[in-house]
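Notes follow the structure.
The values are calculated or read from the model by the stated rules, or taken from the named source; none is laboratory data. Computed from a predicted model, the values in this text were never measured in an experiment. Here Cβ is always computed from backbone atoms with ideal geometry, including for glycine, and neighbour counts include all displayed protein chains.
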Amino acid sequence: MSNIGMLLPNEKPEHPYLLKSYAGMLLGNYSTRFCAGCGYGIIAQLFTRVFEDEKLDPHLHPVVIGIGCYAQIMLLVHGNAQKILSLHGRAPALATGMKMANPKMKPIIFSGDGDSMGIGGNHFIHMCRRNINMVELVFNNSIYGMTGGQGAPTTLYGARTTTTPYRMFENRADAVEIALAAGATHVARTTVAHPRTFMKYFKKALKHNGTSVIEIVTPCVTYFGRKNLDNIGDPDEEGEKMDTGGKMIDWIRKNTIRINQAKFMSEEELFNKYIIGEFRYDKSKPEYSEEYAKIQKLAMGEK
Amino acid sequence: MSKSKEKRFLSPGKHLMMGNEAMSEGAIAAGLKFFGGYPITPSTEVIEHLARRMPEVGGVCMQMEDELASINAVMGASLVGAKSMTATSGPGLALMTETISMAANLEIPFVFCDVQRNGPGTGYVTDLHHNDIGFVRFSGNGEFQVIALAPMNCQELFDLTIIAFNFAETYRCPVFLLSDAYLGHLHEVVEIPSEEEILARVVDRKYPDEPTDNFYSYRDRMTNEYIIPEMPVIGTDYCPGLWLHQPHGPAGLPTPKPVEFIQTLIEKINVNKDKICLTDSYQLEDADIVIVAYGLPVRSSYRAVDIARKEGIKVGVLRLITVWPFPDEIVQKSIENAKAIIVPEINYTGVIAEQVERFTKPGVSIIRIPKVCDFHHPDEILKEIREAAK
């Protein structure tokens, strides 16, 4: 039981950023535990790259991770980052406590679609409402991957999952729309098929003083791709099975629309599509911990 | 900072305070830096009082969106080195249990103030009922040992809160303060000690001198002693790269010794029972009838004992200040020669009576006096004392 780590395939990679991985630095094990075709490896590598290139202070940028497949990212991301695995959906609340107890910090939250749209929806909304200085990355694979492919609040209409065996019939939650309505001051959506855009948004979020929400659409081949054709929600068209990572990345590319184009499209045309781009970047709103510091000064009788 | 330090300590002397306020002041005196809460009757005065007082002392009082968020924020604040606390009632505790078990597993210290009330979320919100006594002991999934203290007046709400913080810092576990609706709303005179006296009582969070790999409690292989290292702090060099439910180990792999892990969590507290288990006795030396009580019923019991002693009945009170871990040795010793044991409790099940039952000799009866939504009149206890003395 204890030597699972030793059984995993282990080759020392040549990639400069992969060498920084936590499990690699700790155990000398550079393997990932993600399924073939999963997008989380891309995100982990991009995070490590930004962490290394921007020379982030690990003491001031704790990484708070929620529960989901993506929690395994903790073994892949930069080894110097201080990581904590929080409870399912509670990552924003935990990070709020950390931020308020040490206002110099800027926590980075990893959360999934089930995490932030399902069980932790309330915490997500109130984090955005407070405009507290942290970054939340929402990984949207539109499915509950870790428990075996159940339908998520973000599952596209018409998709097949283990809990919607006929087809998904619920309306879908949109993390970006919710974040905008709740008052987050930096909101963007991108996909793993657009890694440079993600890095751009993430770097911007790290410099932003307020809540940043970046949704990243990522593929789940094992539970979503294999069960669905790439014509989800449009059964008239002929579809193809998305059983490899490449096919899913292609589907994500096909299924995304830039925000500038989306402005001129009708609601029907945008149905089941992901709109990518930067939705809001607002520097004018006050930040929560700074406002609280003012209250502290007021209470202490200082001006 | 000098200004915030000035305001941390109230002027020494007598203050008329509500129970919930006394508890809040105790927490501030103990060095509370973060309070996360959600309003719930009858604990509302705690968050109201702290919302005014915490900014004055340079701390943070946050009203979170729900109980789940408040306990998680409290855990997060504790992780970055702030003494933290939350206050709630039974329904809030029910929501918070998931996080309590995680905090206990990661050995994150915080103080949890439970102002108990009757019934579920739709119950009588201003009536007392010691229904969380059994709940807090196993408050969460997984196995761990918590510490629970039961104050009986406003002075103790102040003093025991300081002790609760000390226990949390020393033993790195969640510590519960079992107040209740009547005690929380009771106005009494509280004697505030001087600043020096309070500072002498308070155990501050310790930080290690040099980096080590032992972030969690462990059993020393040579001496077999349980060692509780200082709490690691996120944002310093002394912090594990990954905070994870402990059985996973540092790399997220399952531990080869799950039993030893659970054993450490429980035994690190049990071996220190002599320091943790606070009890008090009243006229117990020659008593054949022993009253075992905690919380508010202690006050009625003291009065009943005074009257019974005048009648020549040898009766005494064993008062449990620490309810969990159960002070079994002290209870066993106190009820050794008892003919009858009376356990007045503000619940029907008699959670503590069940515990006392484990140590009673055959033939010795345990007389329970259950009460719900009300506290015991001394006469009710006196009646049972007279019955037992016959």
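Couple of notes before you dig in:
- Selection status of A:Asn140, touching a helix residue (DSSP H, G or I) at 6+ places or on another chain (Cβ under 6 Å), crowded, with 20+ Cβ neighbours inside 10 Å and not small (Gly, Ala, Ser): yes
- On the stretch given as the stretch B:46-66, residues that are over 23 Å from A:Ala91 (Cα atoms) and in contact with a Ser or Thr (Cβ under 8 Å, 6 or more places away or on another chain) total 7.
- Selected residue (criterion: farthest from B:His130 (Cα to Cα)) from residues of the stretch B:3-26 that are among the acidic types (Asp, Glu) and either crowded, with 23+ Cβ neighbours inside 10 Å or not assigned by TED's automatic domain parsing to the domain that holds B:Met75 (or both): B:Glu25
- Within the stretch A:273-303, the set of residues being part of a loop (DSSP other than H, G, I, E, B), within 27 Å of A:Ala205 (Cβ to Cβ) and not acidic (Asp, Glu) comprises A:Lys273, A:Lys283, A:Ser284, A:Lys285, A:Pro286.
- Beta carbons closer than 6 Å, at least 6 apart along the sequence or on distinct chains, pair a first residue in the stretch B:362-390 that is within 21 Å of B:Asn347 (Cβ to Cβ) with a second that is surrounded by fewer than 18 Cβ atoms within 10 Å (Cβ to Cβ) and of a type in the set (Phe, Trp, Tyr) for B:Pro370/B:Tyr348.
- Residue in the stretch A:2-19 that is without any contact (Cβ under 8 Å) to a residue 12 or more places away in the chain, surrounded by 20 or more Cβ atoms within 10 Å (Cβ to Cβ) and assigned to a loop (DSSP other than H, G, I, E, B) present: no
- Within the stretch B:130-141, restricting attention to residues that are touching a residue at least 12 places away in the same chain (Cβ under 8 Å) and surrounded by fewer than 22 Cβ atoms within 10 Å (Cβ to Cβ), the residue that is nearest to B:Glu169 (Cα to Cα) is B:Arg137.
- Qualifying residue in the stretch B:40-52 (condition: at the interface with another protein chain (Cβ under 9 Å from one of its Cβ atoms), in contact with a strand residue (DSSP E or B) (Cβ under 7 Å, 6 or more places away or on another chain) and modelled with pLDDT of 90 or more): no
- Restricted to the stretch B:251-362, the set of strands (runs of 3 or more DSSP E) holding at least 2 residues that are of a type in the set (Val, Ile, Thr) comprises B:289-293, B:315-320, B:322-324, B:340-345.
- Contact map, the stretch B:169-183: first residue in the same structural domain as B:Gln116 (by TED's automatic domain parsing), second residue surrounded by fewer than 24 Cβ atoms within 10 Å (Cβ to Cβ) and hydroxyl-bearing (Ser, Thr, Tyr), Cβ cut-off under 7 Å, separation 6 or more or different chains; pairs are B:Arg172/B:Ser217; B:Ala181/B:Thr126.
- If only residues of the stretch B:106-138 that are in a loop (DSSP other than H, G, I, E, B) and among the hydrophobic types (A, V, I, L, M, F, W, C) are counted, the one that is modelled with the highest pLDDT is B:Ile108.
- Within the stretch A:83-103, the set of residues being within 8 Å of chain B (Cβ to nearest Cβ) and either surrounded by fewer than 24 Cβ atoms within 10 Å (Cβ to Cβ) or free of Cβ contacts under 8 Å to residues at least 24 places away in the same chain (or both) comprises A:Ile84, A:Leu85, A:Ser86, A:Leu87, A:Gly97, A:Ala101, A:Asn102.
- In the stretch A:263-303, residue nearest to the chain's Cα centre (by Cα) [restricted to those that are acidic (Asp, Glu) and either farther than 28 Å from A:Phe198 by Cα or away from every other protein chain (no Cβ under 14 Å) (or both)]: A:Glu278
- Counted residues, the stretch A:164-179 - those being within 16 Å of the chain's Cα centre (by Cα) and either part of a strand (DSSP E or B) or surrounded by 16 or more Cβ atoms within 10 Å (Cβ to Cβ) (or both): 6
- Restricting attention to the stretch B:56-83, the residues being at the interface with chain A (Cβ under 7 Å from one of its Cβ atoms) and touching a strand residue (DSSP E or B) at 6+ places or on another chain (Cβ under 6 Å) number 9.
- Some residue of the stretch B:240-263 being within 20 Å of B:Ala104 (Cα to Cα), at pLDDT below 90 and basic (Lys, Arg): yes
- Flag for A:Gln72 being at the interface with another protein chain (Cβ under 9 Å from one of its Cβ atoms), of a type in the set (S, T, N, Q), free of Cβ contacts under 8 Å to residues at least 40 places away in the same chain and under 27 Å from B:Asn105 (Cα atoms): no
- Restricting attention to the stretch B:91-104 and to residues that are crowded, with 22+ Cβ neighbours inside 10 Å and touching a helix residue (DSSP H, G or I) at 6+ places or on another chain (Cβ under 6 Å), the residue that is nearest to the other protein chains (Cβ to nearest Cβ) turns out to be B:Thr99.
- Restricting attention to the stretch A:234-258, the residues that are farther than 14 Å from A:Thr218 by Cβ and among the hydroxyl-bearing types (Ser, Thr, Tyr) add up to 1.
- Only listed residue being charged (D, E, K, R) and closer than 30 Å to A:Lys83 by Cβ, chosen from B:Glu336, B:Glu267, B:Glu329, B:Glu285: B:Glu267
- Condition broken by A:Ile42, with the remaining ones in (1) under 20 Å from A:Tyr144 (Cα atoms); (2) at the interface with chain B (Cβ under 9 Å from one of its Cβ atoms) satisfied: (2)
- Among the residues of the stretch B:179-195, the ones that are under 27 Å from B:Val125 (Cβ atoms) and either of a type in the set (Phe, Trp, Tyr) or surrounded by 21 or more Cβ atoms within 10 Å (Cβ to Cβ) (or both) come to 7 in all.
- Top-ranked residue in the stretch B:27-39 [being over 19 Å from B:Ser179 (Cβ atoms) and within 12 Å of another protein chain (Cβ to nearest Cβ); ranked as surrounded by the most Cβ atoms within 10 Å (Cβ to Cβ)]: B:Phe34
- B:Pro42 free of Cβ contacts under 8 Å to residues at least 24 places away in the same chain and either in the same structural domain as B:Ser194 (by TED's automatic domain parsing) or closer than 19 Å to A:Ile132 by Cβ (or both): no
- Answer residue from the stretch A:189-227, given it is of a type in the set (S, T, N, Q) and surrounded by fewer than 23 Cβ atoms within 10 Å (Cβ to Cβ) and is farthest from A:Phe51 (Cα to Cα) among those: A:Thr222
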